[in-house]
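The values are calculated or read from the model by the stated rules, or taken from the named source; none is laboratory data. Source: prediction; values computed, not measured. All Cβ positions, even for glycine, are placed from backbone atoms using ideal geometry, and neighbour counts span all protein chains on display. Note: accessible area is taken over every heavy atom of the protein model, side chains too, but ligands, DNA and RNA are not part of it. Shrake-Rupley method; radii C 1.70, N 1.55, O 1.52, S 1.80 Å.
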Amino acid sequence: MMMNRRPIHLFLYGLCSLVILLKVESFNVGITYVETAVAKGAVCLDGSAPAYHFDKGFGAGVNNWLVHIEGGGWCNNVTNCLQRINTRLGSSKQMVKQLAFSGMLSNKPQFNPDFYNWNKVKVRYCDGASFTGDIEAVDPATNLHFRGARVFNAVIEDLLAKGMKNAEYAVLSGCSAGGLTAILHCDNFRALVPSSTKVKCFADAGYFINGKDVSGVSHIEAFYNDVVNTHGSAKFLPAGCTSKMKPGLCFFPQNMAPTIQTPIFIINAAYDSWQIKNILAPGVADPHGTWHNCKLDITKCSSTQLQTMQGFRLEFLNALNGLGTSPSKGFFINGCYAHCQTEMQETWLRADSPILDGKTIAKAVGDWFYDRSPFQKIDCPYPCDKTCHNRIFDPQENPSV
């Protein structure tokens, strides 16, 4: 009996150690509701007040601000948007009161050496269009509010009043749909903060490309076009882009990136797991589920599927050319199957974190931000990078746009 207990004892010890490690690496931050935004019509899909989580800066970082936007996809029609109003992605009433900060939001120098003592804000995402919509009319039958652009401005206004008006440095960042927000709103953020503030943007897993799926159809192009039309986003997309092509195409970073004047750094996996699952091989293009196991775990992909994914990587790198080569633009493109690498300690900065050209993401971003050295690096193709933390998804998960 004693021999059987030992493995259980070791397992429990390991589990406890993991829980302790996670607690050390992260800390909880309470929610703040921007109640003053409601009178301005700057509200979530359900009409509730926008919200964020704010950890105050200290020491030398007291006048520096990192505003990080939460991700969570998009809704492209009334039906999809109605599905979000009973979740945190459409209502602040459904948001948790405490949120764990780690990675780029950590307050410990050993986990986040360049930004640990900054004012750090995580803005909750509840509009469904990367903070671009603004339609005045509200249909009483649905009570849906498409007001993302107003929410963005109201949140920034609230943060300015809380001290960001005195910012020496300010960063707009985000992950996934929040990363796209950081790209779409980078110049707008620059315009909203004082001209004396040094402003740069980081976009993590937000460089979504206009690629064809495995059936040869650009499913994502039609989807983004519907998002822009449903939310009335066109007037908040760069005129330098919308004057040349239809507004839906300007939701893609590859088309609007050339218009960005503010310095910006792109962090993205070349085999972004969300894009592989939803742009390259969405369910609608794979009715027999041929890609199901491959999308859950890249090691389960067939040689033919990997070849298709290598083609997607080349398409992604070609789309990245829209950024240009100016040192004011930086990028860290690793050859991993991942999505959002700045929010988790294990991929931001740890002994086993992903490395590209000898640098962790934290080091590459920090060096670029403080002008210590430029960084524009693209990893070798999968599976050559052994430092990757490749995502493995739950088989029960049914990912979709």
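Of the numbered criteria (1) modelled with pLDDT of 95 or more; (2) open to solvent by less than 40 Å² (accessible area, probe 1.4 Å); (3) more than 20 Å from the chain's Cα centre (by Cα), the one residue 371 fails is (2). When restricted to residues that are polar (S, T, N, Q) and either open to solvent by 40 Å² or more (accessible area, probe 1.4 Å) or in contact with a strand residue (DSSP E or B) (Cβ under 9 Å, 6 or more places away or on another chain) (or both), segment 226-245 contains 3.
Being in contact with an Asp or Glu (Cβ under 7 Å, 6 or more places away or on another chain) and of a type outside the set (Ser, Thr, Tyr) is true for just one of 298, 267. Which residue is that?
Working: 298 fails: in contact with an Asp or Glu (Cβ under 7 Å, 6 or more places away or on another chain).
Being in contact with an Asp or Glu (Cβ under 7 Å, 6 or more places away or on another chain) and of a type outside the set (Ser, Thr, Tyr) holds for just one of 298, 267, which is 267.
This table checks each residue for (1) open to solvent by 60 Å² or more (accessible area, probe 1.4 Å); (2) in contact with a Lys or Arg (Cβ under 8 Å, 6 or more places away or on another chain); (3) of a type in the set (A, V, I, L, M, F, W, C).
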{"residue": "55", "(1), (2), (3)": "no, yes, no"}
{"residue": "63", "(1), (2), (3)": "yes, no, no"}
{"residue": "74", "(1), (2), (3)": "no, no, yes"}
{"residue": "80", "(1), (2), (3)": "no, no, no"}
{"residue": "88", "(1), (2), (3)": "yes, yes, no"}
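Kindly indicate whether residue 368 is touching a strand residue (DSSP E or B) at 6+ places or on another chain (Cβ under 8 Å) and among the hydrophobic types (A, V, I, L, M, F, W, C). Taking the combined requirement at face value, the residue satisfies it.
Table: residues versus (1) open to solvent by less than 20 Å² (accessible area, probe 1.4 Å); (2) of a type in the set (A, V, I, L, M, F, W, C); (3) at pLDDT 95 or above; (4) at negative phi.
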| site | (1), (2), (3), (4) |
| --- | --- |
| 292 | no, no, yes, yes |
| 334 | yes, no, yes, yes |
| 338 | yes, yes, yes, yes |
| 342 | yes, no, yes, yes |
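Of all the listed residues (133, 128), the sole one being on the phi > 0 side of the Ramachandran plot, in contact with a Phe, Trp or Tyr (Cβ under 9 Å, 6 or more places away or on another chain) and at pLDDT 95 or above is 128. Of the residues in segment 200-208, not one is over 18 Å from residue 152 (Cα atoms) and surrounded by fewer than 17 Cβ atoms within 10 Å (Cβ to Cβ).
Taken over segment 129-174, the residue count meeting the criterion of being open to solvent by less than 10 Å² (accessible area, probe 1.4 Å) and under 22 Å from residue 97 (Cβ atoms) is 5. If you take the residues in segment 32-46 that are surrounded by 18 or more Cβ atoms within 10 Å (Cβ to Cβ) and over 22 Å from the mean Cα position of the chain (by Cα), which one is farthest from residue 84 (Cα to Cα)? Only one residue tops the list, namely 37.
Here residue 318 fulfils each of the conditions (1) open to solvent by less than 70 Å² (accessible area, probe 1.4 Å); (2) under 16 Å from residue 207 (Cβ atoms) apart from (1). Remark: residue 182 falls outside the filter, which requires a residue to be more than 13 Å from residue 266 (Cα to Cα), open to solvent by less than 10 Å² (accessible area, probe 1.4 Å), modelled with pLDDT of 95 or more and touching a strand residue (DSSP E or B) at 6+ places or on another chain (Cβ under 9 Å).
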